[in-house]
Amino acid sequence: QVQLVESGGGLVQTGGSLRLSCAASGRTFSSYAMGWFRQAPGKEREFVAAISWSGGRTRYADSVKGRFTISRDNAKKMVYLQMNSLKPEDTGVYYCAANLGWDSSVPDQYDTWGQGTQVTVSS
């Protein structure tokens, strides 16, 4: 099993960029597909991006396509989310999650979650 710790959140103006990082511990990290999800106040947790265990396949929510990029470094046990052209509607707590199955967009299919990192985009 892996444990996950996110970092890199903060306050940024509209149009700015942030890079989120997710550090994993555990010997089997490279066996997990990884995902990023976010949750805004009063809203359900929603899918942002996911990456397969090898990094060879990625998928994105329509709302972030062309602006966000997910990547991973299995040797360093890290997953990243590069966020560009940020909008106020991107505001929320961003969570990193691990799934022994595939790079799903469904939160319930993920086994392990980090504690989250806050992203706030001001208008």
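Values for this structure:
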{"item": "Flag for Gly92 being at positive phi and either at pLDDT 95 or above or over 13 Å from the mean Cα position of the chain (by Cα) (or both)", "result": "yes"}
{"item": "Segment 99-123, residues that are among the small types (Gly, Ala, Ser), touching a helix residue (DSSP H, G or I) at 6+ places or on another chain (Cβ under 8 Å) and at pLDDT 95 or above", "result": "Ser122"}
{"item": "Qualifying residue in segment 91-105 (condition: of a type in the set (Gly, Ala, Ser), in contact (Cβ under 8 Å) with a residue 60 or more places away in the chain, open to solvent by 10 Å² or more (accessible area, probe 1.4 Å) and over 21 Å from Gln1 (Cβ atoms))", "result": "yes"}
{"item": "Segment 69-82 residues that are on the phi > 0 side of the Ramachandran plot, paired with ones that are of a type in the set (Ser, Thr, Tyr) and surrounded by fewer than 17 Cβ atoms within 10 Å (Cβ to Cβ) (beta carbon under 9 Å, 6 or more apart)", "result": "Lys77/Ser25; Lys77/Ser30"}
{"item": "Segment 106-123, subset among the small types (Gly, Ala, Ser) and more than 11 Å from the chain's Cα centre (by Cα), residue farthest from Gln39 (Cα to Cα)", "result": "Ser123"}
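The values are calculated or read from the model by the stated rules, or taken from the named source; none is laboratory data. Worth saying up front: this structure is predicted, and the values here are computed from it rather than measured. Counting neighbours? That spans all protein chains shown, and the Cβs are built from the backbone with ideal geometry, glycine included. Each accessible area value is taken on the protein alone, full model and side chains, heavy atoms only, with ligands, DNA and RNA left out. Shrake-Rupley method; radii C 1.70, N 1.55, O 1.52, S 1.80 Å.
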